[in-house]
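As structure tokens, the structure follows; a few thoughts come after it.
The values are calculated or read from the model by the stated rules, or taken from the named source; none is laboratory data. It should be emphasised that the depicted structure is a prediction, and the values quoted were computed from it without experimental measurement. We place every Cβ from the backbone using ideal geometry, glycine too, and count neighbours over all the protein chains shown. All accessible areas refer to the heavy atoms of the entire protein, side chains included, with ligands and DNA or RNA removed. Shrake-Rupley method; radii C 1.70, N 1.55, O 1.52, S 1.80 Å.
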Amino acid sequence: NWKANGGTTSSNTDGSITSTIQANTTAGFSIVTYTGTGANATVGHGLGVAPKMIIMKRRDSAQNWVVYQEEVGNNRQIFLNLTNAQTGTNSVYFNNTSPTTSVFSLGSDDYANASSGTYVAYCFAEVEGYSKFGSYIGNGNVDGAFVFTGFRPAFIMSKKTSGTGNWEMFDTTRDPINYSGKYILANSSDAEGDTGTNTAGHIFDILSNGFKLRNTNSDRNTNGGTYIYMAFAEAPFK
């Protein structure tokens with residue numbers, strides 16, 4: 001149900017592949033559609049700044065949702081519909097190249113750039129006071145890490161990248177009072193989970209300037225585990 005720029009599209013020729021974009025540069029968000037070539041290529045995203053996170057999916061074939069996240073890097077990838085850890089070195093998705101202010105790069109894999117394949121990519125750039133994309137290291141303690149975002153998050157999605165784990169989504173609409181315990185999973189069709197207590201494992205505090213881990217669940221806070229997240233503000237100043 002995402003829409004950008006009021007749903008108005010435009011053609012973008014910044015990359016070697018001409019793309020169709022909906023871009024809201026104030027929110028740091030664009031929706032990009034393109035047709036693959038089967039060879040290394042670039043695609044214009046229309047944001048004017050480099051995206052920190054890209055979620056892409058082939059639309060004419062049953063393929064995984066490929067995710068680029070700056071903290072994971074341009075030579076690895078993870079999949080939104082799977083629990084897998086980040087893969088080892090692999091250039092077939094993003095061609096070992098980080099996004100620029102105008103384009104993101106593609107390798108030749110069917111998931112991202114098959115010849116005549118049709119794709120959609122959701123691109124996110126960081127906007128101070130509104131959105132944050134980063135990572136943290138778990139400590140395996142109920143007095144867990146504090147993650148600074150600079151705003152009170154309204155929505156958080158996180159994923160363990162150093163091992164298997166779910167893509168967990170929390171928000172302050174379904175669960176406005178700490179601890180935050182209601183979650184749904186991007187990689188699963190399961191109904192909403194509700195841990196209900198701090199000891200159950202998925203809970204953290206959503207604070208005025210970030211969030212703090214309050215659990216030892218492996219999906220959230222394994223000692224030494226690496227996690228990525230995306231967060232959006234409850235009351236953005238911009």
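Please verify whether region 14-29 includes one or more residues that are under 24 Å from residue 185 (Cβ atoms) and either open to solvent by 40 Å² or more (accessible area, probe 1.4 Å) or within 19 Å of the chain's Cα centre (by Cα) (or both). Spell out the reasoning first.
Just the residues of region 14-29 that are under 24 Å from residue 185 (Cβ atoms), to begin with: 29.
Checking the rest, the ones that are also either open to solvent by 40 Å² or more (accessible area, probe 1.4 Å) or within 19 Å of the chain's Cα centre (by Cα) (or both) come to 29.
There is at least one residue in region 14-29 that is under 24 Å from residue 185 (Cβ atoms) and either open to solvent by 40 Å² or more (accessible area, probe 1.4 Å) or within 19 Å of the chain's Cα centre (by Cα) (or both).
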Looking at the structure I just gave you, is residue 49 under 18 Å from residue 113 (Cα atoms) and β-branched (Val, Ile, Thr)? no
Filter result (surrounded by fewer than 17 Cβ atoms within 10 Å (Cβ to Cβ) and farther than 16 Å from residue 228 by Cα) within region 176-195: 176, 177, 178, 188, 189, 190, 191, 192, 193, 194
Applying the selection to region 69-97, what residues are open to solvent by 40 Å² or more (accessible area, probe 1.4 Å) and touching an Asp or Glu at 6+ places or on another chain (Cβ under 7 Å)? 92
Does at least one position in region 50-59 carry a residue that is closer than 21 Å to residue 226 by Cα, of a type in the set (Lys, Arg) and at pLDDT below 95? no
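Of the residues that make up region 103-121, is at least one of a type outside the set (S, T, N, Q), more than 18 Å from the chain's Cα centre (by Cα) and closer than 20 Å to residue 52 by Cα?
Here is the first cut: in region 103-121, the ones of a type outside the set (S, T, N, Q) are 103-104, 106-107, 109-112, 114, 117, 119-121.
Those left that are additionally more than 18 Å from the chain's Cα centre (by Cα): 107, 109-110, 114, 117.
This time we only want the ones that are closer than 20 Å to residue 52 by Cα, so: 107.
For region 103-121, residues of a type outside the set (S, T, N, Q), more than 18 Å from the chain's Cα centre (by Cα) and closer than 20 Å to residue 52 by Cα: present.
So, in region 127-167, of the ones that are under 14 Å from the mean Cα position of the chain (by Cα) and more than 11 Å from residue 228 (Cα to Cα), which residue ends up least open to solvent (accessible area, probe 1.4 Å)? Step through it out loud before you land on a result.
Taking region 127-167 first, the residues under 14 Å from the mean Cα position of the chain (by Cα) are 131-135, 155-161, 166-167.
From the residues that got through so far, the ones that are more than 11 Å from residue 228 (Cα to Cα) too are 131, 155, 166.
Details: 131: 3, 155: 61, 166: 38 Å².
Per the criteria, the residue is 131.
Quick one: count up the residues across region 98-126 that are on the phi > 0 side of the Ramachandran plot and either crowded, with 19+ Cβ neighbours inside 10 Å or in contact with a His (Cβ under 8 Å, 6 or more places away or on another chain) (or both). It would help to see each step written out before you state the result.
Step one: of region 98-126, the residues on the phi > 0 side of the Ramachandran plot are 116.
Cutting the leftovers down to either crowded, with 19+ Cβ neighbours inside 10 Å or in contact with a His (Cβ under 8 Å, 6 or more places away or on another chain) (or both) gives us none.
So the count comes out to 0.
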